[in-house]
Amino acid sequence: MEQPLTFSPDILAGKKLRITASAQSDSVIISGNKKLSLQWKQGKQGLWEAQTEESFDQLWIDGNPRILARYPNYQKDTLFNGTAEDALSPKRIKRWKNPEGGYIHSMHAGMWGSQHYRIMGKVKDSLIYEGGYQVSRPSKIHSTLRFVENIREELDSPGEWFLDKNRQILYYYPLPGENMDTIEAEATVTPHLFVIRGTKNEPVRNVCIDGITFTHTRRTFMEPYEMLMRSDWGIYRGAAVLFENTEDCKINNCEFKELGGNAVFLSSYAYQDTVISNHIHHTGGSAICMVGDTSAIRSGAYGYSKYIPFEQMDRTPGPKNKQYPRQCLIEDNLIHDLGTVEKQVAGVEIQIAAILTVRHNTIYDIPRAGINIGDGAFGGHLIEYNDVFNTVLETSDHGAFNSWGRDRFWHPKYNEMARLTDEHHELILADALYTNILRYNRFRCDHGWDIDLDDGSSNYHIYNNVCLRGGIKLREGFFRKVENNILVNSSLHPHVWFKDSKDVVRRNLFMQPYYPISLNGWGEQLDYNFFTSRMALDNVRKNQTDTHSITGTFDFTDAVGGNYTLTPDSKVFEIGFENIPMDRFGVYSQRLKALAKTPEFPLIQIIDTNNENKSYAWLGATIRIVNGLGDRSAFGLPDERGIVITNVEKGSLADKAGLSRNDVIRIMADKDISTIEEVFALTEENRWKGKVFVTIIRNQTEEKIQIKFK
């Protein structure tokens, strides 16, 4: 298809429409590729060239994608498939005769996503470019994590191509063995395939799309983006299949693959739409977006540092109009390998919406969050039975589930926000009208938090979840209730709480003490929790919490196999804890279950003693505390303090950092280390930053090493 197929109220004339594969069809594929009729001729330096009047940004040869000319050259399975600090060096820019039309791709300086720029020209050895608007909190171009693309002089590697739009010549560097007389070339020419679009006064109703494969759409990273309140997101309202102003529409049993942007988008008004049993993978953008119109927000502020003064604020609770998704269902979708182009993406993105259900989805292998709620407007979402793992793989400071709540009460200055919420308590739930529920999910994030309720996220009930690595973070916000969750090898991360947050944390199983940062209060109740070690319980009681919390014996039915059902003799039941069903996470349709991965289940590790004979697993290394004068002599230590590395697993984070057997860790994050507890605490406190520095003694010489948590 060279342009999208559009369905509007005047076309449908009130009729129901079903688009489906016939029973006789093995598959039906809707593609944005166009076959090219080319007359190739051999050029210079191993290149072939052909005249074409088409304009495109993706080229396919014999069904396989080829690489748009770039620097550095393509490197599989790396961030951006390769980055280089000198991609924008004056020396390299000077080589480019006419880079106009090229692209700069960069990570955000804070690693919160990616930013993209179009090169408009150059002056001597400096570029003129525009862009960077794809995120709501833009930064400068990353100093090292960037690459350039679509520049003629960088066409220097087999499999690369370049389109000279002015001369209408396509240049291609064939792979070894390719016969240019017989290859079939295709170009991606449209960003959208189906557009189902109603109006504010007349929505499209009763469109069902069933059993179709959607593939090959143009990249959309330079299309117009809009800021969404004060979340970190900008959004392009487009996708392979776009629903806008719709009711009772459904997309079922479809596949989305090899897309340049988003897969499915429910935009503006959407009522009782359903996205069910689809397989969405290898997309340039997000999988499923449900985003209302900003006109529905009262006193909306756009941009992180923006705010509306109280005196000018519309203080009426709730939405201003009905232009937002509500009562929609996202169920039984297999979602993976997203963000091949952009890095601020999600498996399911929700913003300016109400009462949505997201359940039984399996989401993994993604650069940022599996499920993201971008603001508190208007809540009431039910997030249940999802299996979300291998997340935040290319970014930082995020979670498998992430949310923001920078609503009307929120202010970029904490003290002003504290004053405002204290004097005008009614503002707290003016946007977050309904409680968001997270229950019966399994989350794992090794590079952030399993559940990350960030700036201002309020009105949440989080219960009966299994968190496999990153624990639960609650940053500044109100009315969060966290209960009956299992946090494997982790704990609660309370950050920047208000004096009267009304937070409740009870009946959870924690394997480590809390990791607080900048609290002005400890909520309404933190008590009746179970800690798997006396050390952890004693630690949290130092802050006058958990008076009735306990520790003691416990055991899981099969932790190695991922069954964290507590055995009947476990003391955890004394606090009222109830076992969580372990067989209901993720997709349930047999077709998708057969394709879906499952998370890696961690080795259970409890820190309860600094016994010199006990070893612990840490970042792929085995560690123990320094044991007396013998260790001091053997390792050349000035005293009997430190942590000895006794083994390092090849390919682990410790190995990648350059740590070795018999290294002794002395300092971590500028703090002296003398206990195992300190190592794990400082690891947790710094993991979201993506790195930490340690000072070691190796061969009786002090060295400083950087550990990256990816």
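When each of M222, M535 is scored by the number of other beta-carbon atoms lying within 10 Å, the sequence from fewest to most is M222, M535.
What FRET efficiency comes out for T20 versus R419 if R0 is 41 angstrom and r is the Cβ-Cβ distance? Round to the nearest 0.05. Mind showing how you got there, number by number?
Details: r = 58 Å, r/R0 = 1.40.
E between T20 and R419, to the nearest 0.05, is 0.10.
Annotation for N686 and K91: the two label points, set 7 Å from Cα along the Cα-Cβ direction, are 3.3 nm apart. With 0.36 nm allotted per residue and the present C-alpha distance subtracted, the E600-N81 stretch has 184.4 nm of extension available. The local environment of K16, defined by Cβ-Cβ distances under 15 Å, has a net charge of 0 under the rule Lys, Arg +1 and Asp, Glu -1. What you get for segment 33-188, charging only the Cβ of Lys and Arg (+1) and of Asp and Glu (-1), is a dipole of about 680 debye around the Cα centre. Annotation: Cα Rg of the chain relative to the compact-globule expectation 2.2 N^0.38 Å equals 1.01.
A simple spin-label model places the labels of T701 and D583 5.9 nm from each other, with each point 7 Å out along Cα-to-Cβ. For a paramagnetic label modelled on K322 (point 7 Å from Cα along Cα→Cβ), amide N atoms under 18 Å away belong, within segment 256-289, to 267-274. The Cα atoms of segment 616-708 cover 36, 26, 23 Å along the three principal axes, with the biggest extent listed first.
On full extension, the segment bounded by D639 and R118 gains 181.8 nm, given 0.36 nm per residue less the C-alpha separation. With each label modelled as a point 7 angstrom along the Cα→C-beta vector, the F310-M180 pair spans 7.2 nm.
For a straight C-alpha distance cut-off of 19 angstrom, the lysines reachable from K671 (same-chain residues fewer than eight places away being disregarded) are K689, K691, K704, K708.
With 0.36 nm allotted per residue and the present C-alpha distance subtracted, the S652-T547 stretch has 33.9 nm of extension available.
Taking every pair of alpha-carbon atoms in segment 33-188, give the share separated by more than 21 Å as a whole percent. Each step should come with its number before you reach the end.
Working: 5716 of 12090 pairs.
Taking all Cα-Cα pairs of segment 33-188, the fraction more than 21 Å apart is 47 percent.
Simple rule: put +1 on each Lys or Arg Cβ and -1 on each Asp or Glu Cβ in segment 260-350, find the dipole, and look at A263, I297, I276; the Cα lying farthest toward the positive end is I297. Quick check: Cα centre of segment 615-652 to Cα centre of segment 305-341, how many Å? Going from one Cα centre to the other spans 49 Å. The Kirkwood radius of segment 484-564, taken over pairs of alpha-carbon atoms, gives through the Stokes-Einstein law at 10 °C and 1.306 mPa s a diffusion coefficient of 121 µm² s⁻¹. Taken as Cα centroids, segment 514-583 and segment 220-245 sit 41 Å apart, rounded to the nearest whole angstrom. Rounded to the nearest Å, what's the spacing between the alpha carbon centres of segment 669-703 and segment 72-138? Just the number, please. Cα centroid of segment 669-703 versus Cα centroid of segment 72-138: 34 Å apart.
Mind counting lysine pairs for me in segment 33-188? Cα separation below 20 Å, and the two need to be 8 or more apart along the chain or on different chains. Here the count comes out as 14.
Report, in cubic angstrom per residue, the convex hull volume of the C-alpha atoms of segment 404-543. All intermediate terms of the calculation are to be shown ahead of the outcome.
Working: hull volume 13.4 nm³, N = 140.
Enclosed volume per residue, from the Cα hull, is 96 Å³.
Sorted ascending by nearby beta carbons within 10 Å, beginning with the fewest, I676, I363, I667 become I667, I676, I363. Compute the helix-to-body angle for 676-687: its Cα long axis versus the longest principal axis of the chain, expressed 0 to 90° and rounded to tens. The angle comes out at about 30 degrees.
Write down the percent of antiparallel bridges among all DSSP beta bridges whose residues are both part of the chain, to the nearest 5. Don't skip to the end; give the middle numbers.
Working: 64 of 180 bridges.
Antiparallel bridges make up about 35 percent of those DSSP assigns within the chain.
Report the equivalent ellipsoid semi-axes for segment 170-302 in whole Å, largest first, defined as the square roots of five times the eigenvalues of the gyration tensor built from alpha carbon atoms.
Values: eigenvalues 211, 76, 28 Å².
Gyration-tensor ellipsoid for segment 170-302: 32, 19, 12 Å.
As I understand it, the value is the acute angle between the Cα axis of helix 414-423 and the longest principal axis of the Cα atoms of the chain; what does it come to in degrees, rounded to 10? The helix 414-423 is inclined about 80 degrees to the chain.
Taking Cβ atoms as reference points and 12 Å as the exclusive limit, the residues near L259 contribute a net charge of -1, counting Lys and Arg as +1 and Asp and Glu as -1.
Please report H548, H279 as a ranked list, fewest other C-beta atoms within 10 angstrom at the top and most at the bottom.
On the way: H548 10, H279 20.
So the residues, fewest neighbours to most, are H548, H279.
Where a number appears in this text, it was derived from the coordinates with a stated rule and is not lab data. In this text, all values refer to a predicted model and were calculated from it rather than measured experimentally. Here the Cβ is made from the backbone with ideal geometry for all residues, glycine too, and neighbour counts use every protein chain on show.
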